[in-house]
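Readers should treat all values here as calculations from the given coordinates under stated rules, not as data from a laboratory. Computed from a predicted structure; not experimentally measured. Glycine gets a Cβ as well: all are built from the backbone with ideal geometry, and neighbour counts include every protein chain shown.
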Amino acid sequence: MIETVRFPCPYPKMIACPVCGGQCCRVCDENGMYEMKDGETFVEIQRPHLIKFLADNIETVSRDLSKYFGINPEVETKSVRSKSDGKWELVEIRTIQGTMWVAIPIEKRQPIYMYTNSEVEEWLV
Ligand SMILES: [Zn+2]
């Protein structure tokens, strides 16, 4: 069974009276229609569809998360270490989309950008 997530749905507000099926009764004031109140209508979305949506729209989702919840990337110095070619600061950048690392040389040289854990482990050796 596929897991679903329930969301409030803005439609339909007017439906055929669930008591009389549109034949008119006291519940629908003899007009055959029933007006749904807020919170009475909802839609079930399959969870995999939500995950696919998030994956396909990660950039706008990320922007919206920052906008509405103030979620920002986390930046942290993991270590400062001496290697044979000088001193380096290893900085980890965690974002909603993933994590990357930048090795910043203390002396004037180009930083090294790493995109996987194994790249970092290899560099640390
Ligand atoms: Zn009715």
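Grab the other residues whose beta carbon is less than 15 angstrom from that of residue 97, score K and R as +1, D and E as -1, and report the net.
Values: positive: 63, 94; negative: 56, 59, 64, 74, 92.
Around residue 97, the charge tally is -3.
Just to check, using Stokes-Einstein with a Kirkwood Rh over alpha carbon pairs, what's the diffusion coefficient of the chain at 4 °C and 1.567 mPa s in µm²/s? Walk me through the numbers before you get to the answer.
Numbers: Rh = 19.9 Å.
Roughly 65 µm²/s, to the nearest whole number.
Close lysine pairs were tallied over the chain: pairs 8 or more places apart or on different chains with Cα atoms under 25 Å apart number 6.
For the chain, modelled as a GNM whose springs connect Cα atoms under 10 angstrom apart, the maximal fluctuation among 19, 102, 61 occurs at 19.
Using every Cα-Cα pair within the range 74-124, state what percent have a distance larger than 15 Å. Let's see the in-between values first.
Details: 537 of 1275 pairs.
The calculated P(r) of the range 74-124 puts 42 percent of pairs beyond 15 Å.
With a sphere of radius 14 Å drawn around the Cβ of residue 2, what net charge do the other residues whose Cβ falls strictly inside it have (Lys, Arg +1; Asp, Glu -1)? Charge balance in the 14 Å sphere: +1. Among the cysteines of the chain, those with no neighbouring cysteine Cβ under 4.7 Å are 9, 24. Measuring nothing but alpha carbons in the range 52-101 and taking Rh as the Kirkwood radius, the Rg to Rh ratio lands at 1.20. On the beta carbon distance between residue 121 and residue 97, with R0 = 22 Å, the FRET formula returns roughly 0.55. Applying the Karplus relation 6.51 cos²θ - 1.76 cosθ + 1.60 with θ = phi - 60° to the range 78-86 yields 3J(HN,Hα) values of 8, 6, 10, 9, 8, 10, 4, 9, x Hz, where x marks Gly and Pro.
In a reduced charge model with +1 at each Lys and Arg Cβ and -1 at each Asp and Glu Cβ, the chain shows a dipole moment near 280 debye about its Cα centre.
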